[in-house]
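The values are calculated or read from the model by the stated rules, or taken from the named source; none is laboratory data. The model shown is predicted, which means the values in this text are computed figures rather than measured ones. Cβ placement follows ideal geometry from the backbone for every residue including glycine, while neighbour counts extend to all protein chains displayed. Please note that ligands, DNA and RNA were not included when accessible areas were found on the heavy atoms of the full protein model with its side chains. Shrake-Rupley method; radii C 1.70, N 1.55, O 1.52, S 1.80 Å.
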Amino acid sequence: MPKSLIDKQVDGTVKLTITIPHDKIAKAREEAIVAVAKQANIPGFRKGKAPEKLVEEKLNKEQIQEDVLKKLLPEAYQGAVMEHQLRPIMNPKIHIEKIEEDKDWVFEALTCEAPIVDTGEYKKNVAKVTAKNKIIIPGKEPQKPSFEEIAKAVLEDSKVKIPSILLEQETDRLLAQLLDDIKKLGLNLEQYLASTKRTPEDLRDEYAKRAESDMKLEFVLQKIAEQEKITVEEKEIDEAIQKAKSPAEKENLQNNKYLLAAILRQQKTLDFLMGL
C-alpha cells in the first residue's frame, strides 16, 4: 500500500509526498510485460505466443516503465487524496526526482483546495455602485453600472488567498492564450515585446496580477452564490445548449455541462448583484 505525507503550506498549496513500495511496482511491471507479450510479434512464434522471458529481452524498457508509471501514479495520488480527505480543485503537478530499480518510488504531488473566502460587506459596496441606476432623469435612460464597477465593488474589502500553485497555472494559461493571439497576428514573442516595450519579466508580472484578480473574483462570486443560495437548474443548462450557434458548439457544451453550469451560476450571481 502506498504511503503518503501531507504538507499544507501557508498559501493553501498542498504538497503530498507519496511512496510506492517496490513489491507493488514489481507486480505492475509484470502485468505490463504480460499485456505487451499478448500483442508481441516475435519471429518464429505466433502473435502473443512467444515465451515471456524472450519478450522481456526485446522490450523497450522505457516504454514499460512509462506504462507502470501511468498505472501506479494516478492510483497512488487518489489514494493519498482519500487518506487525507482532500478536495482538490486542480490536477496535481507531479515531480519525480529519481526512479531506481529494486527500490521504492517516491514522488511529490502539488495541488490545492478551494481557498477560504471572506466576502466582506459586498452588498453595501455594490449598492453604492448600483444606486446610480435608480436615479431617474427625465429623457435619459438609467445608467447601468459596468461589469468592471461591480467587480471592483465586490473585491473592495473581500479577503481570499490564492494558492501559488493555482496562480502559476492560471498565469501560464493566460500567457499561452496570448502567444496564440500573437501568432495569429504573424508575430513572434520577441517582436511583440519589442513593439510594446516590455521584457518577458514585465509580461509575466502583468499577467500574474491579472490572473490573481480574475481568480479572486471567481472565488468571491462562488462564495456569494453559496451564501445567497443561487443555483442553476438542469432546464437552464439545456436551454443554453439549445442556443448554440453550431452543431460543434452544441456538442462541446453537452460534453462540458459542469463548466457551463458554473458559467451560468456566475452570470446569475452578477445579475443578483446588479439588482442590489
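Computed over the range 195-276, relative contact order equals 35 percent, with contacts defined as Cα pairs under 8 Å that lie 6+ residues apart. Using a probe of 1.4 angstrom and keeping all protein chains present, the accessible surface of the chain works out to 68 square angstrom per residue. Ordered by solvent-accessible area of protein heavy atoms (1.4 Å probe), largest first, the residues Tyr77, Tyr258 come out as Tyr258, Tyr77. As a rough guide to protection, the peptides 181-191, 219-229, 3-13, 25-35 ranked by mean Cβ packing within 10 Å, highest first, stand as 219-229, 25-35, 3-13, 181-191. The helix-based estimate of mean residue ellipticity at 222 nm for the chain, built from -39,500 (n - 2.57) per DSSP H run of four or more residues and divided by its residue count, is -18500 deg cm²/dmol to the nearest 500. Within 12 Å, Cβ to Cβ, of His95, how many net charges do the neighbouring residues add up to if Lys/Arg are +1 and Asp/Glu are -1? It works out to a net charge of +1.
Here the range 72-88 and the range 162-187 have alpha carbon centers that stand 28 Å from each other. For Met274, the accessible area of its heavy atoms, probed at 1.4 Å with every protein chain present, is near 70 square angstrom. Look at the Cα gyration tensor of the chain: its axes a ≥ b ≥ c give a/c of at least 1.5 with a/b over b/c, and that counts as prolate. Placing +1 on the Cβ of every Lys and Arg and -1 on the Cβ of every Asp and Glu, with no other charges, gives the chain a dipole of roughly 680 debye about its Cα centre.
For the range 92-235, relative contact order (Cα pairs under 8 Å, six or more residues apart, normalised by length) works out to 25 percent.
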